[in-house]
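This report concerns only the one structure given below.
The values are calculated or read from the model by the stated rules, or taken from the named source; none is laboratory data. Computed from a prediction, not measured in an experiment: that's the story for all the values here. Don't worry about glycine lacking a Cβ; one is built from the backbone with ideal geometry, like all the others, and counts go over all protein chains shown. Just the protein is used for accessible areas: all its heavy atoms, side chains included, with ligands, DNA and RNA removed. Shrake-Rupley method; radii C 1.70, N 1.55, O 1.52, S 1.80 Å.
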Amino acid sequence: MKTRSPITSAYLRGFVQGLPFTLVIFPFGLLFGVAATEAGLDILPVMGFSIFVIAGASQFTALHLMVEQAPVILILLTSLAVNLRMAMYSASLAPHLGKATRWQQALIAYFMVDQTYAMAINEYEARPKMTMSEKLAFYAGTSTVIPPFWYGSTLLGTQIGQTIPPEFALDFAIPITFLAMIAPALRTLAHVAAAAVSIIVALVFAFLPAGLGLLVAAGCAMVTGAQVELWQTRRKAAK
C-alpha cells in the first residue's frame, strides 16, 4: 500500500478538520443570503459581498448600515474596523507563513477567515516541526472546505430564504462558530485570562456603536495575555 506524502497528509488533515465547521458555516451563510435579499439586494451584489469581502461580521455590519442609508465612507470605515482582527491573525501567522511567496501570501490573505486561522495556528503550534510546504498544504486543506461552503450557503440563502421558517433561528450559528474556534485554543493561563477579559470588556462596552466595543475588548485581551505570559516567565526565572 502506497504511503501518503507528508504534504498530502497535511492537506487531508486540514480538509478533515474543516468539515465540522460546515455545520455552522452553512446556516451562517444562509442567514446572510436571507438578510441581504430581504434588504433589497439582487443576487449579484449579494454574491459579490461573499466572494470579494468573504468576512461574515463585516458583511452583516455593512448590510445593516446600508439599510440605515449611512454614508458610503462610514460603511467602509466601520466594516474595516470590524475586520481589524485579521491584522492580528496575520501577525500571529507571520512566523509560520511569512516566508511564503508573494502569490502564496496573497491566497493566504484572501482565504483567511476566523475558521481557517484558528485551525492553522492550532495545527502549527501543535506540530512545530512542520515544513513550509506542509503548513501551506494544511492551510489549503482548510480553505478547500470553508470558503466554498460560505459561497454556496449564501447563494442558497438568496434563493430559498423566504421559505425558511422563523423558528429555525439561523442566527444561532454565529456564536456557536466562535465558541468552536476559541475553546480548543484555551491551553494556557494567558489564553484563559485573555478570553475572560475580552468577555467582560465586550459586555461593558456593548453600548458602543458599530462593534467598537469588540475592538476595545480585543486590545485589552492582548495586553492581558501578554502581561500574564510576562508574569509567568519572570516567576519561572525567579525559581
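Could you tell me which helices of the chain pass both thresholds, a Cα extent of 27 Å or more along their own axis and a mean Kyte-Doolittle hydropathy of at least 0.5, with helices taken as whole DSSP H runs?
212-238
Using a Förster radius of 22 Å, what is the FRET efficiency between residue 199 and residue 229 based on their Cβ-Cβ separation? Nearest 0.05, please.
E between residue 199 and residue 229, to the nearest 0.05, is 0.70.
Compute the orientation-averaged projected area for the chain from the convex hull of its Cα atoms and round it to one decimal in nm².
Seen from a random direction, the Cα hull of the chain projects 16.7 nm² on average.
In terms of the Cα gyration tensor, with a ≥ b ≥ c the square roots of its eigenvalues, is segment 18-98 rounded because a/c is under 1.5, prolate because a/b exceeds b/c, or oblate?
Oblate is the answer for segment 18-98, as a/c is 1.5 or above yet b/c matches or exceeds a/b.
What is the spin-label model distance, in nm, from residue 76 to residue 90 if the labels are put 7 Å beyond Cα along the C-beta direction?
1.7 nm
So how strong a dipole does the chain carry about its Cα centre when Lys and Arg Cβ are +1 and Asp and Glu Cβ are -1, to the nearest 20 debye?
1440 debye
Please give the per residue accessible area of the chain, computed with a probe of 1.4 Å over protein heavy atoms only, in Å².
Per-residue accessible area for the chain comes out at 57 Å².
When the accessible area of segment 46-136 is computed with all protein chains present and a 1.4 Å probe, what percentage of it is carbon and sulfur?
Taking all protein chains in place, segment 46-136 shows 68 percent carbon and sulfur surface.
What does a probe at residue 101 reach in segment 126-147, counting residues whose amide N is under 19 Å from the point 7 Å along Cα→Cβ?
From segment 126-147, the list is 131-141.
Would you work out the relative contact order for the chain, in percent, from Cα pairs under 8 angstrom that are 6 or more residues apart?
Relative contact order, the chain: 33 percent.
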